[in-house]
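I have placed the structure first, in the form of structure tokens, so that the comments after it can refer back to it.
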Amino acid sequence: MAGADQTPGTGHVDLYWIPLGAGAHVVKVSGRAFEAVVASVQRRPRCDLYHAALLVTTEEGRFAVEQAPVPDGHREGRGVVAEGPVGVRWAGRFRVFRYEVRCWREGAIPDLAAAIASPVRVVDGPEAAQRVLDVLPSVPTPVWGRDELRAGEMWNSNSIVAWTLARSGIDVDAIPLPPRGRAPGWHAGAIVAARRPGEPPAPER
């Protein structure tokens, strides 16, 4: 895996911006179509879309943190800490319509080599790095691709990474994206993370 080599007694967190659809042509094409529509509605130039993932290094090892589809029932082997439904809540009873949040010790992140302007060092220090791992299992798991938490945009993999970092005390607004890049769902994660525990979603307008 890419990133700085682990040094005993230290800790850090690196963020990777992976182009949406890297290694998956259908996802890439649908992502471009989605961005074309959104850019047209918002009257702005089209951007390149990115999916965020983390590599967290602590004294216990290196952990791959990301959201991904559920490939099978062997969740322990991938360090799965949470699962949620995709598309509609009732469909989550079927594996193909669920996503999982991984904290995979010495695990792999697909297409990491395709990351752009990465890694971005977002945490430096063992305590801060451990804090990222500690808050991750508490991440909200609303329906993927919808705005159930009324944060203003859909919940997805970027939301999960942004929520985790923000809950760990990191200023996610200061994290740079690649040039002409956009990470749909990122702001949703930051908005939800800023809410007080138990605070209900904002009312619909």
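Please treat every number below as a calculation from the coordinates, not as lab data. Keep in mind it's a predicted model, so treat the numbers as computed, not measured. Backbone-built Cβ (ideal geometry, glycine too); neighbour counts: all protein chains shown.
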Notebook entry, point to check: Based on what the data block shows, is Ala151 at negative phi and assigned to a loop (DSSP other than H, G, I, E, B)?
Noted result: yes
Note to self: When the residues of region 141-164 are narrowed to those that are more than 14 Å from Arg195 (Cβ to Cβ), in contact (Cβ under 8 Å) with a residue 60 or more places away in the chain and of a type in the set (A, V, I, L, M), which ends up surrounded by the most Cβ atoms within 10 Å (Cβ to Cβ)?
What the structure shows: Val161
Note to self: So if I check each of Ala113, Ala108, Ala91, Ala129, which one is farther than 18 Å from Gly189 by Cα and not in a helix (DSSP H, G or I)?
What the structure shows: Ala108
